[in-house]
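The values are calculated or read from the model by the stated rules, or taken from the named source; none is laboratory data. Being a predicted model, the structure only gives us computed values, none of them experimental. With ideal geometry, Cβ positions are generated from the backbone for all residues, glycine too; neighbour counts draw on all protein chains shown.
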Amino acid sequence: MRRRQWANLACVSAFALALGSAAASAQGAGAIDPTLGIPLPEQPSLILLDDEKPALPRAQASAEAAPEPGMVTGAVKPSAQPQASLATPELPMTPAATPGVADEPITLDIPEIELPPADPALIAPFNSRSGAGPLRSAEPLVPPPDLPKVVIDLPAGSEFAADIAARAPDALALPRLGERERTDILAAYEANGHKPLWIDAKGWSEAGLRLTAQLSRAGEDGLRPTDYPLPPFEISDKGSLAEADVRLSALAVLYARDARGARIDPRRLSKLLTPTLSLPSATEVLSELTGATDAGAVLAAYNPPHEGYRRLRANLARLREHLDDTPLVRIPSGPALKLGMRDERVPLVRARLGLGPTQEPVFDRSTATALATFQKRAGLPANGILGAQTLAALGTPATARGEQDIIAQMERWRWLPADLGQDHIMVNVPEYRVRVIRQGQIVHETRAIVGKPETATPIFSHRMDHVIVNPSWYVPPSILRKEFIPGLAADPDYATKRGYVVTRGRNGSISVRQPPGERNALGWIKFMFPNDHAVYLHDTPNRRLFANEKRAFSHGCVRVDNPFLLADQVLGPEWTQERLKRLIGSGERRINLPQPLSIHLVYNTHVVGADGQLTTYDDLYGFHRLVRQALEQRG
């Protein structure tokens, strides 16, 4: 019985070894999975220990060097249905074998194993003509990944770098562009690797188109479009494209500075015009424009943002819609005409002024009076004399002259800071008015007395920081030289008789002070914003002068009507006018403002109201005429 069990075990082992050998022979030593294309693991071999090995049959023993007797042999026959377990007693067994006698073959019923269908390519015979035959190795079904392509992208615009570097100096050759601005623009391009800012291979970029559009609309803001000529270029010429890019940068910088007031220098017109201009640098302009979503809107924003400026701009547009193209009487040039002079041009002058003809070409009083009226409207000295400036004004249509007036007034708005201050004081000298503005609304306004033409009130901006009650007045050097020194030379008691205190210095200098009191030239209170002109706002003992329509009587300071009402506005609720008035006569007292307050002394001769109506004021000091002439000469 033991021998038959050994035979059964040997048959099963042989079958398993046969299956493993078949698979290994089909796949080869380096078998590869046909689906995944990867090597298959080696099949494990069956190893029997010496005490478990069955006896080999005689036929096999003859081939072996040391055959082992007692090996059971048999034939394996597959069957449709599996039989009982080989180890069960019910398995039919052959009669027991006797030693030395060969056993009968043992027949085993083993279920048929279902194998996958064979690949025809593996079993097809080799065809010498077509080259077809059994595949030696299966092709992988998963293709290998594509190798990454090595791509080197050059920075955008780098193809213009050499041309920009070469042509930049020529592109920046603009007459009004300063050397510092040229240097800054070159530095900006160098920092950008000389790549273009406003062009691409097709011409202007979107940002460049917005800039050029704004430059073409320069006239809407009273600027001269011919000051910003757009550069021509050929798209096929990289050199002209590069030069156009740099030129557009230069024009944008020039526009931005002009919009902030760089077209004329106020201090060259008069030493009393001392605004602090806020001119942007080229670096600042290009930095803001290149980083903006809408470069054109950013460039336009350099113009004044103030409501007074916007109203003038709208008035200018309306004025240009109704330009008067009526031809004027042409008056030939010649010597100045004064009252009583005879000249063949007198009939032409009268016709231009709307006067009737006369029998004699005499420059009579009616002609001189009409000419003086015209000069006043034109902002010229109303002297009734036909000089070169008046003759030029007569040759300009009324609408064109009005356009020039509006543009000159818009120019003076450029002298003001872009931020006037949420709360501020505005003193309009030609209007003789003082206004307090809070949150954009006028909360207080009053009449003012300003400087005489020979002692004009200066135009500038500053910050008011304190108020002095019961002030002393120190006579300014100009009045000291003109009045007190000659008076003291004639009478040593000249100052004392008038209530002034004279102090003499060791170096021979003198100062004259008027103590606080009812007759003090500053009145009971003054509003201080220390400045180079030594002017301020103050009270006055001569209050009857406020009744006059034209109030140019001071030595340069601004006298304020009802000054304690103004103090109530600037000092806040803690210092009411009743409390301040209780300090009168008790000695000089300084009171600081809760917060410094911006103050602007302006020269607005042309003002457009909320209703769109234009109001003009006298050109008291001729500042308006100086600005208009300076702009015309620039053209």
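Observations on the model:
- Among the numbered conditions (1) more than 30 Å from Gly609 (Cα to Cα); (2) under 54 Å from the mean Cα position of the chain (by Cα); (3) surrounded by fewer than 19 Cβ atoms within 10 Å (Cβ to Cβ), the only one that Val475 does not meet is (3).
- Scope the stretch 249-283; condition assigned to a helix (DSSP H, G or I) and over 17 Å from Ala301 (Cα atoms); matching residues: Ala250, Pro266, Arg267, Arg268, Leu269
- Filter result (assigned to a loop (DSSP other than H, G, I, E, B), more than 30 Å from His306 (Cβ to Cβ) and without any contact (Cβ under 8 Å) to a residue 40 or more places away in the chain) within the stretch 437-485: Val475
- Scanning the stretch 183-223 for residues that are assigned to a loop (DSSP other than H, G, I, E, B), touching a Gly at 6+ places or on another chain (Cβ under 7 Å) and surrounded by 19 or more Cβ atoms within 10 Å (Cβ to Cβ) turns up Pro196, Trp198.
- Residue in the stretch 437-445 that is closer than 26 Å to Lys271 by Cβ and surrounded by 17 or more Cβ atoms within 10 Å (Cβ to Cβ) present: no
- Of the residues making up the stretch 269-276, one or more are under 21 Å from Arg224 (Cα atoms) and at pLDDT 95 or above.
- Whichever residue in the stretch 244-260 is crowded, with 22+ Cβ neighbours inside 10 Å and not hydrophobic (A, V, I, L, M, F, W, C) and, among such residues, is nearest to Ser158 (Cα to Cα): Asp245
- Under the condition of being at pLDDT below 95 and buried (at least 17 other Cβ atoms within 10 Å of the Cβ), the residues counted in the stretch 422-436 number 0.
- Top-ranked residue of the stretch 583-614 - restricted to ones that are β-branched (Val, Ile, Thr) and modelled with pLDDT of 95 or more, ranked as farthest from Lys526 (Cα to Cα): Val608
- Of the strands (runs of 3 or more DSSP E) contained entirely in the stretch 522-635, those carrying at least 3 residues that are crowded, with 20+ Cβ neighbours inside 10 Å fall at 525-528, 558-560, 589-602.
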